[in-house]
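Just below is one structure, and these are the notes that go with it.
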Amino acid sequence: LGGVIALYLISLWLRERHFRHMAMTDTVTGLWNGVCFRGKAKEELSRNRQKSYQLISMDMEHFKYVNNDFGEKVADNVLVVIAERLRKKFGKKALYAREMGDQFFILTERRTDIEEVLGELAGEIIFDNNGMEQRYKPAMKFGIYNIEANNRESQIGQYIDAAVSARKSIKRDHTKQIAYFDDKMESDIRVEAQIEKKMESALKQGEFVVY
């Protein structure tokens with residue numbers, strides 16, 4: 001009877017671990033999902049306050065056309081290739097995750113070759129499409145926020161927002177692949193926030209004029 005109970009408890013533990021793992025990972029790529037990434041990134045930064053980091057937001061331009069032109073299966077395979085490249089380039093030296101769609105996050109210790117490494121992630125992808133060889137060159141955009149050592153006043157969500165803002169700043173610029181969050185972006189965001197706060201009262205007071 002004791003052996004049966006032990007086996008039952010082990011099966012419950014394995015099942016719980018399985019479902020916990022599923023809740024933390026992206027079903028397509030097997031990477032951490034966005035929620036898990038935020039938790040692990042927060043722990044990493046709190047544990048190593050003396051180290052400088054880089055938080056990177058990454059996505060692919062016009063990825064929806066891959067889905068439309070080749071189908072969901074091929075689009076998922078492209079995402080899997082990107083995930084494999086992340087594992088190969090960063091291994092256990094960084095945290096990385098797929099947030100949603102074609103958006104990925106990376107948290108790595110500050111490195112001087114980061115632009116070269118990110119450029120290699122955007123290499124051509126060759127895949128089979130109904131017996132025909134197809135090639136896809138992902139047009140990737142990267143936004144980088146530098147997290148300085150001994151400076152952990154902001155929350156992980158703010159670091160992510162800053163990296164996303166940097167990436168979006170070059171969304172329509174085909175000549176740029178990488179952008180760093182800087183003082184100008186921070187100033188622009190602050191101005192936009194101030195305008196948004198004033199809009200409600202301005203509407204109530206009739207300060208908007210239609211032309």
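The values are calculated or read from the model by the stated rules, or taken from the named source; none is laboratory data. Small disclaimer: the values here were computed from a predicted structure and weren't measured. Cβ placement follows ideal geometry from the backbone for every residue including glycine, while neighbour counts extend to all protein chains displayed. Ligands, DNA and RNA are stripped out before the accessible areas are found, and what is left, the full protein with its side chains, is counted by its heavy atoms. Shrake-Rupley method; radii C 1.70, N 1.55, O 1.52, S 1.80 Å.
Which entries of LYS40/LYS168; LYS51/LYS92; LYS51/LYS176; LYS137/LYS176; LYS168/LYS198 have Cα-Cα distances beyond 22 Å here? Table pairs above 22 Å Cα-Cα are LYS40/LYS168; LYS51/LYS176; LYS168/LYS198. Of VAL28, VAL74, the order by accessible heavy-atom surface (1.4 Å probe, DNA, RNA and ligands excluded), from most exposed downward, is VAL28, VAL74.
Note on GLU153 and GLU84: the model spin-label points, each 7 Å out from Cα along the C-beta direction, lie 4.5 nm apart. Rolling a 1.4 Å probe over the protein heavy atoms gives the range 58-211 an accessible area of 64 Å² per residue. Candidate cross-link partners of LYS141 among the aspartates and glutamates, defined by an alpha-carbon separation under 13 Å and a same-chain spacing of 8 or more, comprise ASP59, GLU61, ASP102, GLU115, GLU120, ASP173. Considering only ILE178, ALA162, ASN146, and ranking their Cα positions along the charge dipole of the range 140-185 that arises from unit charges at the beta-carbon of Lys, Arg, Asp and Glu, the one farthest toward the positive end is ILE178. Of the listed residues GLU120, GLU133, the order by accessible area with a 1.4 Å probe, largest first, is GLU133, GLU120. Here's how it looks for GLU99: its modeled amide H is under 5 Å from those of PHE104, PHE105, which are all 5 or more places away or on a different chain. The stretch between LYS40 and TYR211 holds 56.5 nm of extra length on full extension. This uses 0.36 nm per residue minus the Cα-Cα distance.
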